[in-house]
Structure formats: C-alpha cells, structure tokens
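These notes concern the structure reproduced below.
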Amino acid sequence: MTGTVARIHLAPEQGADPEPVESVAAVAGRGLRGDRYFHDGGTFESRDGSDLTLVERAALTAVEREHGIDLEPGAHRRNVTCEGVALDDLVGERFRVGEAVCVGTEPCEPCPYLERRLGEPGLREALVGRGGLRCRVVEGGRIERGDRIERASTDRPGSDK
C-alpha cells in the first residue's frame, strides 16, 4: 500500500475557506500547524482523532461522475487529498504521511454542514462511505505535496509498536 499526497488544505479558523499549501508541519497530538483543529477551533475538536483528515481523489472523481457534483479543491474540508491509497484499510493502522506517523481512527463521514455550506443538495448522500479518514498524529513531521503515504514500519529503531 503506497499512495501520494496530491493536495494539502488548511482552514485557519472554523468556517474559514480551506487554503491550499505546499507543505505543513504535523504536530503529535495537535494536528496541522495553522489549521483550525490545531488551534482547538474546529467543529469536531472534542472528537479524538481529528488531528488530520484525508480523502481519496478517486472518491471525489466518483462523486462527480455518479452525482454530477464537482467539488473545487479543498471544498470537501479534508486536509489531505490523496491518490493510490484505500483509506478504509487504514482504520486502526499506523501509517506515514510524509514524515508524520498517524493512526487512522475512523471513517470521516460527511456532515450536514458541508452540504449546507456549499449549497449542493445531495452532497452528503453522495459522500457517504467515501468521505475520508480521521487520523491522530502520533509522531510529528513535515507533510509536502507529492509525499508518500505508506504503512509505518514497526521494526525500525525507536518506533513504538
């Protein structure tokens, strides 16, 4: 299992439009520096595992093809759009996103807020089962566009199993 980081988006505060960035610092137990969840300002801040969210580009393409809903980059409000990785396979698993090590905590199902915010009827239903993955950052590091997403090795010195 190896994928890549296609895009990175941060929303600096709750309700703000996500902004594209080329790279970001992921901080263990906090999230992405500059994102609303890093500053305890997101809707799901009390939910364990909202440090980082990912979504598959293939899921977004399927939503457009099947439902005619074309989401602008970042409009889905997930931090990282990835390619070549099945996110559902990472629930409960340790994996690397660039230099950061994460644990997939749960699927990131769409909420009514996204549909209301974008004024796109049927969006929530279209994203059910493919809304992405919530993650906890367990080892900080840099994440850049083009970085690999891969299972974290548990046999290297200093890694916690």
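The table for this structure:
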{"item": "Single residue of 124, 151, 94 found to be surrounded by 17 or more Cβ atoms within 10 Å (Cβ to Cβ) and more than 15 Å from the chain's Cα centre (by Cα)", "result": "124"}
{"item": "Cβ-Cβ under 9 Å pairs, at least 6 apart or on other chains, region 108-120 side crowded, with 18+ Cβ neighbours inside 10 Å, far side modelled with pLDDT under 80 and of a type in the set (Gly, Ala, Ser)", "result": "108/50"}
{"item": "Given (1) at pLDDT 95 or above; (2) out of contact with any strand residue (DSSP E or B) (no Cβ under 9 Å at 6 or more places or on another chain), index of the condition residue 4 fails", "result": "(2)"}
{"item": "Unmet requirement for residue 124, which otherwise passes all of (1) touching a helix residue (DSSP H, G or I) at 6+ places or on another chain (Cβ under 7 Å); (2) among the charged types (D, E, K, R); (3) under 19 Å from residue 29 (Cβ atoms)", "result": "(3)"}
{"item": "Flag if residue 78 is in contact with a strand residue (DSSP E or B) (Cβ under 8 Å, 6 or more places away or on another chain), farther than 20 Å from residue 15 by Cα and among the charged types (D, E, K, R)", "result": "no"}
{"item": "Region 108-125: number of residues that are part of a helix (DSSP H, G or I) and under 15 Å from residue 77 (Cα atoms)", "result": "9"}
{"item": "Qualifying strands (runs of 3 or more DSSP E) (wholly inside region 1-107; at least 2 residues being hydroxyl-bearing (Ser, Thr, Tyr))", "result": "2-10"}
{"item": "Qualifying residue in region 53-69 (condition: charged (D, E, K, R) and closer than 16 Å to residue 10 by Cα)", "result": "no"}
{"item": "Residue in region 39-56 that is within 20 Å of residue 7 (Cβ to Cβ) and among the hydroxyl-bearing types (Ser, Thr, Tyr) present", "result": "yes"}
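The values are calculated or read from the model by the stated rules, or taken from the named source; none is laboratory data. This is a predicted model, so every value here is computed, not measured. Positions of Cβ are backbone-derived with ideal geometry, glycine not excepted, and every protein chain shown enters the neighbour counts.
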